[in-house]
Amino acid sequence: MIDQKNLTGRAWAEMMLLAMIWGGSFLSIRVALDEISPLASVAHRTTWAMLVLWGVIAIMRIPLPSDPKIWFSFLVMGLLNNVIPFTLMAWGQLYIESGLTSILNAFTAVVGVVIASLFFADERISLRKGIGVVLGFFGVAVAIGLENFRTLDLRSMAQLAVIGGTVAYAIAGVWARKRLVGMPPQLAAAGMLTGSTVIMLPLAYFIDGPLSFDLEARTMWAIGYYAIIATAFAYLLYYRVLAMAGSGNLMLVTLLVAPIAITLGAVVLGEKLGTNAYFGFAILAVGLIILDGRVWKAMQRRG
């Protein structure tokens, strides 16, 4: 069941802050990709975020797990929730707009409902969820452009790569619920990023060579933003908001991120999205609102 709580003014403020931080991550990643490869961008992201979070763990004196199974769970979580989606989405941003990437990223919530229904009895798809899922799939199809399914050029492949990233996120949610329940969120995030860094550093080195630090200032600032602010700090803020607002209300963040990313992409990078992208996001947003459930329940009460 989705946990929903009443939103306080502070919860709204911190949700908006989280949305703005994540919305800015698409812009900063795109800026960094002008100088470094997708693999290097992900390796930088997981490494610096990991170090920051382990610093938090040390300050909070959270005890470390000794069971090798937990560390293996961190490794798998890092692969599913960081390595695969971060890499697919970074590669996708080479060929599609950052705003469009954020729209497709919002599909994560829809895929998550479908994947969860396959593994958990209490997550079965009801009529309401089914309508929300169908609208979500249709909205993404419209945003991508139905005509793009006829060909597999770089742009369409990039969009499919981002969709693949949302599937990885959804599977990661199932893995976390099965293997990491009850763990301090700071430790879960740090362990996950450790697992992803263990994978990413050798992978990036093997394919692209050692990470470069001789980079333009704008690239370094971009890396610092998406690694430290939009990953390490955002994870801490996410769990804080989760405790205050509940998992159901956090779905609203998904709706807030895309408009922020679209605006930043247009203002800073001069991106222009097609009408179909906006129309598709509107349909997807309706699907997410239905999945959220509050509007649906209000309609039933009035009926």
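The values are calculated or read from the model by the stated rules, or taken from the named source; none is laboratory data. Values in this document were obtained by computation on a predicted structure and should not be read as measured data. When we count neighbours, we look across all protein chains shown, and the Cβ atoms used for this are built from the backbone with ideal geometry, even at glycine.
Of the numbered conditions (1) modelled with pLDDT of 95 or more; (2) assigned to a loop (DSSP other than H, G, I, E, B); (3) polar (S, T, N, Q), Ser212 satisfies every one except a single condition; which is it?
The single condition Ser212 does not satisfy is (1).
Among the listed residues Ser117, Ser102, Ser41, which satisfies the condition of being under 24 Å from Ala282 (Cα atoms) and in contact with a helix residue (DSSP H, G or I) (Cβ under 8 Å, 6 or more places away or on another chain)?
Details: Ser117 fails: under 24 Å from Ala282 (Cα atoms); Ser41 fails: under 24 Å from Ala282 (Cα atoms).
So the residue among Ser117, Ser102, Ser41 that is under 24 Å from Ala282 (Cα atoms) and in contact with a helix residue (DSSP H, G or I) (Cβ under 8 Å, 6 or more places away or on another chain) is Ser102.
Return the total of residues in segment 32-54 being in contact (Cβ under 8 Å) with a residue 60 or more places away in the chain and touching a Leu at 6+ places or on another chain (Cβ under 8 Å).
Of the residues in that region, 13 qualify.
Within segment 134-159, work out how many residues are in a helix (DSSP H, G or I) and touching a residue at least 24 places away in the same chain (Cβ under 8 Å).
So the first thing to find is which residues in segment 134-159 are in a helix (DSSP H, G or I), and the list is 134-144, 146-150, 154-159.
Now restrict to residues that are touching a residue at least 24 places away in the same chain (Cβ under 8 Å): 134-144, 154-155, 157-159.
Within segment 134-159, residues that are in a helix (DSSP H, G or I) and touching a residue at least 24 places away in the same chain (Cβ under 8 Å) number 16.
Among the helices (runs of 4 or more DSSP H) lying completely within segment 1-120, list those that include at least 1 residues that are modelled with pLDDT under 95 and touching a Ser or Thr at 6+ places or on another chain (Cβ under 9 Å).
Numbers: elements: 9-32, 38-60, 68-78, 84-92, 98-105, 108-119.
Of the helices (runs of 4 or more DSSP H) lying wholly inside segment 1-120, those with at least 1 residues that are modelled with pLDDT under 95 and touching a Ser or Thr at 6+ places or on another chain (Cβ under 9 Å) span 9-32, 98-105, 108-119.
Per-residue answers, yes or no, for (1) out of contact with any His (no Cβ under 6 Å at 6 or more places or on another chain); (2) farther than 26 Å from Thr47 by Cα; (3) aliphatic (A, V, I, L, M); (4) modelled with pLDDT under 80:
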residue	(1), (2), (3), (4)
Tyr225	yes, no, no, no
Thr231	yes, no, no, no
Leu236	yes, no, yes, no
Thr263	yes, yes, no, no
Tyr278	yes, yes, no, no
Phe281	yes, yes, no, no
Leu288	yes, yes, yes, no
Ala298	yes, yes, yes, yes
Gly303	yes, yes, no, yes
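Considering Ile163, Ile131, Ile125, which residue is β-branched (Val, Ile, Thr), surrounded by fewer than 22 Cβ atoms within 10 Å (Cβ to Cβ), out of contact with any strand residue (DSSP E or B) (no Cβ under 7 Å at 6 or more places or on another chain) and not in a helix (DSSP H, G or I)? Steps first, please.
Numbers: Ile163 fails: not in a helix (DSSP H, G or I); Ile131 fails: not in a helix (DSSP H, G or I).
Result of the check over Ile163, Ile131, Ile125: Ile125.
For segment 52-67, indicate whether the set of residues that are on the phi > 0 side of the Ramachandran plot and not acidic (Asp, Glu) is non-empty.
Here is the first cut: in segment 52-67, the ones on the phi > 0 side of the Ramachandran plot are 61.
From what is left, the residues that are not acidic (Asp, Glu) are 61.
The answer is yes, given that some residue of segment 52-67 is on the phi > 0 side of the Ramachandran plot and not acidic (Asp, Glu).
Thr219 is checked against (1) over 21 Å from the mean Cα position of the chain (by Cα); (2) in a helix (DSSP H, G or I); (3) surrounded by fewer than 17 Cβ atoms within 10 Å (Cβ to Cβ) and fails just one. What number does that condition carry?
So Thr219 meets the others, but not (3).
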